[in-house]
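Here's the structure we're looking at; comments come further down.
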Amino acid sequence: MIDKVISAMLFPAILVILFTHITYSRTVALLLTLALIAVSAYKGYTHTWGLIIIDAASLTLGLVIANWLINKNRRLE
């Protein structure tokens, strides 16, 4: 169970940041990550509401970090 909690804390944030850098769109990155989380929940890898809440918090943190990185890069240009 502890491995699922650690994965829920790290992977959504990393995926949003990665997809933002690949697609240059925060919206597309957020939708892709939400789709992956939905598929994993459908397949049964997310068993409890606690994991879903941790996924959502990590997703939000990843979006905040992606916004910060994009704004930082715009100021440098």
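The values are calculated or read from the model by the stated rules, or taken from the named source; none is laboratory data. This is a predicted model, so every value here is computed, not measured. Neighbour counts run over all protein chains shown; Cβ positions are idealised from the backbone, glycine included.
ILE22 versus (1) modelled with pLDDT of 90 or more; (2) within 12 Å of the chain's Cα centre (by Cα): which is the lone unmet condition?
(2)
Name the residues in the stretch 1-19 that are modelled with pLDDT of 90 or more, touching a Leu at 6+ places or on another chain (Cβ under 6 Å) and of a type in the set (A, V, I, L, M), would you?
Correct list: ALA13, VAL16.
Taking only the stretch 1-35 into account, find how many residues are without any contact (Cβ under 8 Å) to a residue 24 or more places away in the chain and of a type in the set (A, V, I, L, M).
Of the residues in the stretch 1-35, 9 are without any contact (Cβ under 8 Å) to a residue 24 or more places away in the chain and of a type in the set (A, V, I, L, M).
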